[in-house]
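Just so it is clear, none of the values below were taken in a lab; they were calculated from the coordinates. Computed from a predicted structure; not experimentally measured. Note that we place each Cβ from the backbone using ideal geometry, even for glycine, and neighbour counts take in every protein chain shown.
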Amino acid sequence: MAYIIENARIYKNNDVVNRSMLVDKDKILQVKPSFAKYRYMKMNLDRFWMAATYVFCSHEIPESASSADGKGFFIRRFLAEGCTTVLAVASIRSLHEWKEKVDEVRRFYQKGPLDFVIGIKIPLRALTVPLVRKCKTEKIPAIFVEITDPRELYRIPWGWIREALFPYNPPLIPCLSGGGERERLLAVWQTVLERERIPFVKGPVEPYHPVKLEILKKIGIYPLKGYLHTGGELSYNLFIDDGTRSLPPDKAETPAVTVHKGEIVRVLDKIMYRPNKGEELVVYRPAFFS
């Protein structure tokens, strides 16, 4: 049944807009300043801040395969924080490990309550033309690259990698180690990849924190996730407005309500856990909106 969400102060693109939405089940049919002449049932949100649910990145799955461990992991790391979509990263050391590691991540998240996108993490030496072509074939929209020595970046045949990435063009995302070398690693990373015209993200993506909008765009998750718009899915967080602030809440604040594709998954301290709802999101064209 269709209804109207009115007087919503929506945080999007680092700004706040006052909008009303005509919704039906799990879809947003239309977004306007108001629907004054419509006679649908209305839900007034003037005491809340509203934001799209978060997209988190995760590089791990629980060591134990028990359903209890999986449930605790999903609730603690994601649902309790207002996240309903995961960039789930499979760590592989070479192309030979692809099927085992990627399938392991896929099976785990399919048993959970969240939507997910699969990325891969590799050491820099494993960045080869066959692996990049495999990413295109399998629609892997994000390649995390472990770098420890800036000199290694000059040994990669970037011309061949660039040709192999085209036309899918999944971005390369740095994963750093080396302590004090961090700034130098990132500086060389940016210099080399800009010069070689390789799609890339400038810095690491922090696990279990909202992925930034510009990175969601490069990967191609935006606008399918992390954005409230006409034709999009109805997935949002509500934060109680106590009347003392003029800016939306930050990630450190816990949502009062979380809705995922039209279904309530959190109200205050109560979380509704729905297993086997994991749906894999396929990105057909990364960076289309960047």
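Between residue 160 and residue 101, the modelled labels are 2.0 nm apart [label points 7 Å from Cα along Cα→Cβ]. Computed over segment 148-203, the P(r) tail beyond 18 angstrom holds 29 percent of alpha carbon pairs.
I'd like the Kirkwood hydrodynamic radius of segment 149-290, using the inverse of the mean 1/r over distinct C-alpha pairs, in Å.
One over the average 1/r among Cα pairs gives 18.4 Å for segment 149-290.
For segment 131-173, backbone nitrogen atoms closer than 16 Å to the point 7 Å from residue 214 Cα along Cα-to-C-beta are found at 171-173.
Give the peptides 77-87, 149-159 in descending order of average Cβ contacts within 10 Å, highest first.
Highest mean packing first, the order is 77-87, 149-159.
The HN-Hα couplings worked out from phi for segment 43-54 by the Karplus form 6.51 cos²θ - 1.76 cosθ + 1.60 (θ = phi - 60°) are 10, 8, 10, 5, 9, 9, 9, 10, 8, 4, 5, 7 Hz, whole numbers, x standing for Gly and Pro. Given a Förster radius of 22 Å and the C-beta distance between residue 271 and residue 42 as r, what FRET efficiency does 1/(1 + (r/R0)^6) yield to the nearest 0.05? E between residue 271 and residue 42, to the nearest 0.05, is 0.25. Provide, for q = 0.10, 0.11, 0.13 Å⁻¹, the log10 of I(q)/I(0) from a solvent-free Debye sum over equal Cα point scatterers in segment 54-219. Ignoring solvent entirely, the Cα scatterers give -0.38, -0.45, -0.63. In terms of overall dimensions, segment 1-74 has a Cα radius of gyration and Dmax of 17.8, 55 angstrom.
Taking a point 7 Å out from the Cα of residue 187 in the direction of its Cβ, the residues of segment 138-164 whose backbone N falls within less than 19 Å of it are 147-155. Take the Cα of residue 206, step 7 Å toward its Cβ, do the same at residue 26, and the gap between the two points is 3.1 nm. With contacts taken as Cα pairs under 8 Å and at least 6 residues apart, the chain reaches a relative contact order of 24 percent. Spin-label model, residue 2 to residue 137: label points 7 Å out along the Cα-to-beta-carbon direction sit 4.6 nm apart. When the pairs 42/71; 139/261; 101/277; 25/101; 111/202; 136/212 are compared against a 29 Å limit on Cα-Cα distance, 42/71; 25/101; 111/202 fall above it.
Close amide-amide hydrogen proximity is noted between residue 222 and 217, each under 5 Å apart and 5 or more residues distant or on a separate chain (H modeled in the peptide plane; Pro and chain starts excluded). Here the ratio of the Cα radius of gyration of the chain to 2.2 N^0.38 Å is 1.07. Calculated [222 nm] ellipticity per residue, helices only, for the chain: -6500 deg cm²/dmol; basis is -39500 (n - 2.57) per DSSP H run with n ≥ 4, divided by all residues, nearest 500.
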